[in-house]
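A short worksheet on the structure shown next.
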Amino acid sequence: NEIIELFRAGMPLRKHRCRFKSYERCFKASEAVDCLHELLGSNQNFGPEVTRDQTVKLLKKFLKNHVIEDIKGRWGKEDFEDDGHLYRFPPSSPLKSYPKKPSCGKEVIKFPDWNEPKAGTSQEHIPVKSVTMNSEMWYKRHSIAIGEVPACKLVFRRLLTQTNIEEIWKSMTLSRLQKVLGLDSLDEVLDTKLVNSKHIVQNVYNVNKQGIVTLEDKSKELPHWILSAMKCLANWPSCSDLKQPTYSGFERDVFKTIVDYFGQMKKPLLTFHFFDIFVSVLGLLQKPSKAVEALQISCLLLPPENRKRLQLLVRMMARISLNQDLPPLSESVRTRTLMVQAFSRCILCSKDEIDLDELLAAKLVSFLMDNYQEILSVPSALKSSIEDHVVHLQRVQIKYAGADSDATLPPPSFCHQISTDEFEYQRATGSQEPLAALLEEIVMNKEISVKDKKKKLKQFQKSYPEVYRVRFPTPETEAMLFPEKTKQKPPILMWALKKPFQPFHRTRSFRM
């Protein structure tokens, strides 16, 4: 769809003559091939390896699906040739919607609604819901600050059922995939109802030491002879369970056997349902880390038997491509290119098989081969976050009375509001008692000097005159605390009367 838009926008349209008749806004077939071939070569999803013949094939698809038509309005057949025939664009283009980047907020995939349990489930499985705090509830919750602790109890939860855990895995996995792809919603590229939550959990936990999925249904395993053939080429020349061949061309026969087996499959390993989600990852190839994470999560959605076959096949393809000891499997095609051409269709293709599926599949399969160890492993960050969330739901919590409707506990008692006059009276009488005790402590303290005691009493009288007046209603009561002492005049010094004070005079011995 992106190529169709770019092709319609970039194809030059002009006036042409054919058999003594002029046609406006049209183009020659060869001109269309030139324009589209250049466009595909510069596009990140296709690249310069696109040939002119493949471009002609795509234009045949365009003509059949009414993306273009000849100057007489005919379409529906793949009779497009690289020649001088005239074509034009129809008034409307038969484009399908495809995912676009978000322009504003993102839609968050909701977790399972625990408030509406399915039939047959116990209410004890429902976690305590969060409380919307108003001023009254805040006061109740924080009444410990004023000396009251509201009644509470510990909520012991039973273990979540396997169905609950599987739904959590599905919702959090799809939420993470939507965030990595940068989409407003996955509805444009994926029908979430077709995602099986059991498959995700099995792909995460049912694995061997090498990270390969182990299947519970052994009838869905690859045949033993195919596994032997794949191991033979993947580990060439050290075959584990097969003796070294003695005739020339043995490796090509083994490879042809593997290609024939995977080629006869009716459905691709990535399934028709997930075609759009994997194609949308191609737009992230310029950011390899994002593309790897998106493919990691997308491959978790596959049925376990498909994921295991994909793991074994891609690992074999990568090893064969890098094996210098393996003889060439083709006379004219490089080994890596041969791997992509032989297995791209069985890995990814659309149900309708239109447009340029083989090029899209080749692009994706090449990236898979280069990063298969990371892509086909379980994303550790996603696994940790989901496991932490499940543990949080199962953790014992404190439940306050009043936070939820709880008939088992009586409602707690709280203070009643009083009038303003009553408040002022309580404030006055209640605060005067400790102040009076403080004043009495100052009065009776014999360890401080009279000067310091007078200073403290003056400060107290200035700060709390009413309390001070109750203790010392008259000046006499205050004077009784400090009895006056008779003052004695000091004796007159005799030497001061004999001779008046005279200024000091220097003698000659100090002069220079």
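For segment 162-232, a simple Cβ point-charge model (Lys and Arg +1, Asp and Glu -1, everything else neutral) yields a dipole of about 380 debye relative to the Cα centre.
Loop-resident GluC sites (Glu not before Pro) (DSSP state other than H, G, I, E or B) in segment 257-362 with no more than 15 further Cβ atoms inside 10 Å of their Cβ: 331, 353. As a calculated quantity, the FRET efficiency between residue 217 and residue 159 at R0 = 25 Å, using C-beta atoms, amounts to about 0.40. Amide hydrogen proximity for residue 68: with H placed 1.01 Å from N in the peptide plane, the residues at 5 or more positions away or on another chain lying under 5 Å are 63. Its Cα centre serving as origin, segment 1-101 has a Cβ charge dipole (Lys and Arg +1, Asp and Glu -1) of approximately 540 debye. Under the convention that each Lys and Arg Cβ holds +1 and each Asp and Glu Cβ holds -1, the size of the dipole of segment 310-374 around its Cα centre is about 220 debye.
Selection among 250, 338, 295 by position relative to the dipole of segment 164-386 gives 250 as farthest towards the positive end (Cβ unit charges, Cα centre).
Label separation (residue 205 vs residue 79): 6.2 nm, computed from points 7 Å beyond Cα along the C-beta direction.
In this label model, residue 266 and residue 446 are separated by 11.1 nm, measuring between points 7 Å along each Cα→Cβ vector.
Full extension of the chain segment joining residue 388 with residue 466 gains 21.8 nm, where the gain is 0.36 nm per residue of separation less the Cα-Cα distance.
Within the assembled protein chains, the solvent-accessible surface assigned to residue 205 is about 100 Å², based on a 1.4 Å probe. The convex hull defined by the C-alpha atoms of segment 1-88 has an orientation-averaged projected area of 5.3 nm². Backbone N atoms of segment 168-194 closer than 16 Å to the 7 Å Cα→Cβ label point of residue 287 belong to residues 176-185.
Between residue 185 and residue 17, the contour length at 0.36 nm per residue exceeds the alpha carbon distance by 55.7 nm.
Residues of segment 313-340 falling in the label zone of residue 377, defined by backbone nitrogen less than 19 Å from a point 7 Å along Cα to beta-carbon, are 313-319. For segment 164-386, the fraction of alpha-carbon pairs lying more than 21 Å apart is 56 percent, rounded to a whole number.
The values are calculated or read from the model by the stated rules, or taken from the named source; none is laboratory data. Here the structure is a predicted model, which means the values were calculated and not measured. A quick note on method: Cβ atoms are made from the backbone with ideal geometry, for glycine too, and the neighbour counts reach across all protein chains shown. Just so you know, the surface numbers come from the protein's heavy atoms only, side chains and all, with ligands and any DNA or RNA stripped out. Shrake-Rupley method; radii C 1.70, N 1.55, O 1.52, S 1.80 Å.
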